[in-house]
Every structure is written in C-alpha cells, then in structure tokens.
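J.: Supplied in structure tokens, the structure appears directly below.
Nothing in this text is a laboratory measurement; each read-out follows from the coordinates by a stated rule. Computed from a predicted structure; not experimentally measured. Reconstructed Cβ throughout: ideal geometry from the backbone, glycine too, with neighbour counts over all protein chains shown.
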Amino acid sequence: MPTGYYTHPSFLLHEMGHFHPECPERLQAIEDHLISHGLDGLLDRREAPPATAAHLERVHRPDYLAALAAASPASGYHPIDPDTLMNPRTLEAAAHAAGAAVAATDAVIAGELENAFCCVRPPGHHAEPDRAMGFCFYNNVAIAARHALEAHGLERVAIVDFDVHHGNGTEAAFRGDRRVLMCSFFQHPFYPYSGAETIAPNMSNIPLPAYSNGMAVREVAETIWLPRLEEFKPQMLFISAGFDAHREDDMGQMGLVEQDYAWITERLLEVARRHAQGRIVSCLEGGYNLSALARSVAAHLKVLMEG
C-alpha cells in the first residue's frame, strides 16, 4: 500500500505578514524538493477535506471555536498574540489542516494507505482546547488522535512530537488520559516554557538544553521513548513532525540533521509494525529554514514509504 500525502490549496492562502517565518513558502519548498528528487510521483496525493465542527469539538471547546470564528477578519489581520495572526483565509486553511489529519486517519485505519503525511499549515501542537497560540489554531494531531479513539474505537494511541518546541496544546488535550501516550523532546528553557515537569503518567516529555545534537535525541528515544512505547503497545501512532530542531534552523538552537529524522522515523515505524499494523499518521508542525525543512521532510517520507 502507498504512503498518503495530504495537502490543500488553502494552505497557501493563510499568511501572517511579510517576513513571518510560518509562511506559505514552507510548503512550496517541500513540494519543489519532492518533485526535483522524484518523490512526488511515488506518493498517493490526496486533497484534504475540511474538518467538521464535530471533529474540532472533540478537542476544542465550542465557545473557543465560536470566539475564533467571530474574530476572523474580513480583511487585513487580527492578532491572537504578537506572533499569531489571522487573515481572512486562516480558518479555512486551519479547517483543512485538521481535516487532513482526520481523513488520513480514516484512510490508514481502512487499509487504503500504509501510512500518511499531512503537509499542512497552520501547524497545531500549541493550540490548547480553549486557546490559540504559537502559530496554531486547531490542534491537528490531537483532533486526529481523538477521532481514532472515539470514531474508530481504538483503545490506545501514541503521539510522538519531535518539534523543537514543547507541544503544550497536545499535552493539555490528553493530560491524564490513559488511552494516549505522548512522547516528545524539546529545547528547554524555550517557548512555550512548559513541559519540563512531569504532570501526568501518560506524558513522557523530555526537556533538552540548547545545542543538544542528534545523538542526545537518539539516546532519549532509545532509553525513554521506545521502552514506554513497547510497554504501551499503541494501536496507532501519530507524529507531530516539526523539523525546527535542525541545526540550520534559527528558530531553535538544537543540532539535528536529516539522518536523525530518518532514524527517529525508522524506530517509530518498527513500533508501528509490531503493535499497530504499521499505522502512522504524521502531521507537519514547525520547520522554518526552507532548505533544511524540505530535505528533512523528504528524509521522513522516504522512511514512511518503506513502511
């Protein structure tokens, strides 16, 4: 079975101003790299549908969703915080980003796809049940994971987040939920200045100091993540695939390279094969150096395509 690749034209219409790092050019760089390296034709490309209100409300409070819709501007920008802004097409893009994750979950569970990568924006892992922040509006991975549990009846799912920033929104959505194991590393102290304290037994979130390299991250995976995942035996894996821990990305100060992302993906694929029938849905989060982002996504995809 092929690897699915979900995207949508609306992702290029959401923008937050000139020179904002979370920009449409991120997806264009990925697309250009996949085409130039002959990977584009090997993927099962699918257009992302919009998430429904029922999908979004599995994670986000209805009053939050209503307030966000009311704040959507007719023109120009509406600031959520100094770094997170809405333009008139933002919520359309965000709905399709969450919808990509839901549709990918459906297709992978149905056996139509081996696994899937959602090449989406805006990202999602900072979006809390009642708060947009950190470039994020809807929590794409959390919505997909809750969909797998509640619509498909899975009993155990795992979320692995390798973005340079702590996925505070995902943690807030699943803190204390025994059906979900969340594993991550993140630079600390660093935005959003959370996650360093263990606050629930289903969270395995590991803070690492600035300038940690790929070997440090691999050690975290080998000694902490993988034993927890083996014990948990997830029936499906979700990945918050942020590539801003790359050594060329100025958003953070960590030292990963493409081979590290490939290695992490290989280890997660092994877990998925043993316990989850190979089922993985991965969603793009951060990654702001365009060249490093495109190369890292390609490395990630090459491993998924071997699944």
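J.: Can you tally the net charge around Thr198? Count Lys and Arg as +1, Asp and Glu as -1, for every other residue whose Cβ sits under 14 Å from the Cβ of Thr198.
T.: Taking every Cβ under 14 Å from that of Thr198, the sum is 0.
J.: When N counts the residues of segment 27-149, how does its alpha-carbon radius of gyration compare numerically with 2.2 N^0.38 Å, as a ratio? Please list the in-between numbers first.
T.: Values: Rg = 15.3 Å, N = 123, 2.2 N^0.38 = 13.7 Å.
Cα-based Rg divided by the globular estimate yields 1.11.
J.: Please report the antiparallel percentage of DSSP beta bridges with both residues in segment 153-307, rounded to the nearest 5. Walk me through the numbers on the way to the answer.
T.: Values: 0 of 23 bridges.
If we restrict to bridges inside segment 153-307, about 0 percent are antiparallel.
J.: With a sphere of radius 10 Å drawn around the Cβ of Thr7, what net charge do the other residues whose Cβ falls strictly inside it have (Lys, Arg +1; Asp, Glu -1)? Display every interim value, and only then the final one.
T.: Details: positive: Arg45, Arg46, Arg121; negative: Glu31, Glu47.
Every neighbour counted, the sum reads +1.
J.: If amide hydrogens are placed 1.01 Å from N in the peptide plane, which non-local residues have theirs closer than 5 Å to the one on Glu128?
T.: So Glu128 has HN proximity to Met133.
J.: Most fluctuating residue of Glu266, Glu230, Glu128 in a GNM of the chain with Cα springs under 10 Å: which is it?
T.: Maximum fluctuation in the GNM of the chain, among the listed residues, is at Glu230.
J.: Mean-square fluctuation check for the chain, GNM, Cα pairs under 10 Å: which of Tyr193, Tyr288, Tyr77 is largest?
T.: Among Tyr193, Tyr288, Tyr77, the largest mean-square fluctuation in the Gaussian network model of the chain belongs to Tyr193.
J.: Of all GluC sites (Glu not before Pro) in segment 88-170, which ones are in loop regions per DSSP and have a Cβ with at most 13 other Cβ atoms within 10 Å? Can you show the working numbers first?
T.: Working: sites: Glu92, Glu112, Glu114, Glu150, Glu155; in loops: Glu112, Glu114, Glu155.
The qualifying sites are Glu155.
J.: Here are some values of mean projected area of the Cα convex hull in nm²: (1) 22.6; (2) 13.5; (3) 30.5. Which one was computed from this structure?
T.: Derived directly from the coordinates: (2).
J.: So, in Å, what gap is there between the alpha-carbon centers of segment 72-94 and segment 228-254?
T.: The two parts, judged by their Cα centres, are 27 Å apart.
J.: Amide H neighbours of Val160 under 5 Å, counting only residues 5+ apart in sequence or on other chains, H built in-plane at 1.01 Å?
T.: Cys183, Phe238, Ile239, Ser240
J.: Looking at segment 3-305, what % of its DSSP beta bridges pair antiparallel, to the nearest 5?
T.: On the way: 5 of 39 bridges.
The antiparallel proportion sits near 15 percent.
J.: If pairing requires two Cys Cβ atoms under 4.7 Å apart, which cysteines of the chain are left without a partner?
T.: Cys23, Cys119, Cys136, Cys183
J.: In the neighborhood of His275, defined by Cβ-to-Cβ distances under 14 Å, what is the net charge if each Lys or Arg adds +1 and each Asp or Glu adds -1? Intermediate values should be presented prior to the final figure.
T.: On the way: positive: Arg156, Arg228, Lys233, Arg267, Arg273, Arg274, Arg279; negative: Glu155, Glu230, Glu231, Glu270.
It works out to a net charge of +3.
J.: Something else about it: For segment 1-134, what proportion of DSSP beta bridges, expressed in % and rounded to the nearest 5, is antiparallel? Don't skip to the end; give the middle numbers.
T.: On the way: 4 of 12 bridges.
The answer is about 35 percent antiparallel.
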